[in-house]
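Novice: Quick one: this structure, given as structure tokens, is what I'll be asking you about.
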Amino acid sequence: CVPLSRSGGRRDCGRSGLRGERSETRRFCVRSGRLSRARARREGQMERLVAQLQRMKALEESEANLVTNILEKMPESARFSVLVSDLLHAKGRPTSLGSPAVALARWEDHEDDEGNFVAERIGAILPKSSNNVVGALEAAGGYILGKGNVSELGVGAAAGSAVYGFVHRLDNGGEMVGSEAALAAAVSGDVVDLGVGVERRTSLLGPASRLGVCAFAPTRERYPMNSALTVAPSVSSIGMVAKTVKTLEEMHQAIVAELGSEPPEVLESVRAAAMATESLGDNVKGPYDKVLQAAEAAGISFAVQDASLPPMEDLDEIHRGMLSTEFRASLSAFLAENVPFLDVDTVLARAADDDVKDCPEADEALAQDLRRKIVGHVEALDTFWSGLGADVLIGPASERLLSQCSLL
């Protein structure tokens, strides 16, 4: 840095300018030095950014080649591709639950029931059967492309885990939030046609709404929850993600047909209710009004224009409480069935996520109190729907609205 004094004379950084202008020159020297350091810092940032963009491009090309190779292996008989959550069993596809302990479980040498020697294996659970919903989709022509990353044991809102990394958007590389975000990211990026995972407090619905794709989580227990780890069964269900509502409808029909469930009632006409808009910000109200206008243009009649959800129990408390009271029992049952040589304490001790490590012991008194609150919550929603006089409630996909309705 060779600054100029106020008089224009050149001086080295360590020297003053002309007599009487020492302070001015020093100020110029410091200021110029800061500019030089800032410029160097910016240049360094630009170099790192260019290098990062080059790595991203190489990664995108690698991922594109990987996806192409996987898609080329799809049999011609397959009608659609499916990505299954790592919390669900898919026959022959490893299940790790996003847990380091489960992913690196060591299976010792032993003999099976017929006396055949079985070699040692290190790796995640390799299920011999699929969750019933996954199996129904396979029977309907679905091809399982792979498993979707989840937060460790399905706890917390992290999009991924230390086992297989974290999920990013495929369009701009941005970070995702939600334990089942991989499903929405893959569907929105046209990697798969359908994603199947566990919905708990918008873990599946939330990422789908942020990426502009469609998600469906039916009434709890409408779909069988076998061969799945649900850390809070009382507030969990299996759901799906797809590009369009039509695809979700077709998949749902295929599932209920395969499982022999009662098909849903088909309405000849739909009476809708619209959520009140007085509390919405302009960034939400504008798009929401366009949705209502499109619904009216499609012939949907609105029985109610300003519906408001009734006051209900604190959903945050319910979800946190059910997680703490049901988590250990649910995990223990899953481990006993799939990896009996692992216990809950071992899995939690090896956890990489602090939310998992800090999960408290079960409290039966708290569990009973929370179940009572859930019953009250559902009764309040039931009364709300009965008095609404509508078949469907249309509202902005806020986390509060999705959470309030998820317990149904």
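The values are calculated or read from the model by the stated rules, or taken from the named source; none is laboratory data. Note that the structure is a prediction, hence the values are computed from the model and not measured. Cβ sites come from the backbone with ideal geometry, for glycine too, and all protein chains shown count toward neighbours. Side chains are part of the model used for accessible areas, which takes the heavy atoms of the whole protein and leaves out ligands, DNA and RNA. Shrake-Rupley method; radii C 1.70, N 1.55, O 1.52, S 1.80 Å.
Novice: What is the Rg over Rh value, at two decimals, for region 133-264, using alpha-carbon atoms and the Kirkwood definition of Rh?
Specialist: In region 133-264, Rg relative to Rh is 0.94.
Novice: What ranking do 244-255, 379-390 get when scored by the average of other Cβ atoms within 10 Å per residue, highest first?
Specialist: Order by mean packing, descending: 244-255, 379-390.
Novice: Would you mind computing, in nm to one decimal, how far apart the modelled labels at residue 243 and residue 294 are, each placed 7 Å from Cα along Cα→Cβ?
Specialist: If labels sit at residue 243 and residue 294, their model points lie 1.6 nm apart.
Novice: Each residue of region 213-229 in order: what ³J(HN,Hα) in whole Hz does its phi give by Karplus 6.51 cos²θ - 1.76 cosθ + 1.60, θ = phi - 60°, with x for Gly and Pro?
Specialist: The phi angles translate into 10, 9, 9, 9, 10, x, 3, 3, 6, 5, 9, x, 9, 5, 6, 8, 9 Hz.
Novice: To continue, here is another question. Within 10 Å, count the other beta carbons around each residue, average over each peptide in 170-179, 267-276, 130-139, 291-300, and list them highest first. All intermediate terms of the calculation are to be shown ahead of the outcome.
Specialist: Numbers: 170-179: 16.6, 267-276: 14.5, 130-139: 21.8, 291-300: 12.2.
So the peptides 170-179, 267-276, 130-139, 291-300, ranked by packing, come out 130-139, 170-179, 267-276, 291-300.
Novice: Shifting gears a bit: Taking amide H positions as placed 1.01 Å from N in the peptide plane, with prolines and chain starts having none, which residues 5 or more places from residue 125, or on another chain, fall under 5 Å of its amide H?
Specialist: 95
Novice: Further question: Report the calculated FRET efficiency for residue 265 and residue 382 (r = Cβ-Cβ distance, R0 = 22 Å), to the nearest 0.05. Please list the in-between numbers first.
Specialist: Working: r = 17 Å, r/R0 = 0.79.
Approximately 0.80, to the nearest 0.05.
Novice: Using the Karplus curve 6.51 cos²θ - 1.76 cosθ + 1.60 with θ = phi - 60°, what ³J(HN,Hα) values do you get for each residue of region 85-91, in whole Hz, with x for Gly and Pro?
Specialist: 4, 6, 8, 10, 7, 10, 3
Novice: Amide H of residue 178: which non-local residues (sequence gap of 5 or more, or other chain) have their own amide H closer than 5 Å, using H built in the peptide plane?
Specialist: It is 158, 159, by chain and number.
Novice: Collect residues whose amide H, placed 1.01 Å from N in the peptide plane, falls under 5 Å from the amide H of residue 168; neighbours closer than 5 in sequence don't count.
Specialist: Here nothing satisfies the definition.
Novice: Also: Report the calculated FRET efficiency for residue 306 and residue 363 (r = Cβ-Cβ distance, R0 = 41 Å), to the nearest 0.05.
Specialist: Approximately 0.50, to the nearest 0.05.
Novice: Percent of accessible area on region 173-253 owned by carbon and sulfur, 1.4 Å probe? Can you show the working numbers first?
Specialist: On the way: 1310 of 2770 Å².
After summing per-atom areas, the C and S share lands at 47 percent.
Novice: Contour minus end-to-end for residue 104 and residue 162, with contour as 0.36 nm per residue of separation and end-to-end as the Cα-Cα distance?
Specialist: Length gained between residue 104 and residue 162: 19.7 nm.
Novice: Evaluate E = 1/(1 + (r/R0)^6) for residue 394 and residue 341, where r is the Cβ-Cβ distance and R0 equals 41 Å; express this FRET efficiency to the nearest 0.05.
Specialist: Details: r = 50 Å, r/R0 = 1.23.
Efficiency, from the Cβ-Cβ distance: 0.20.
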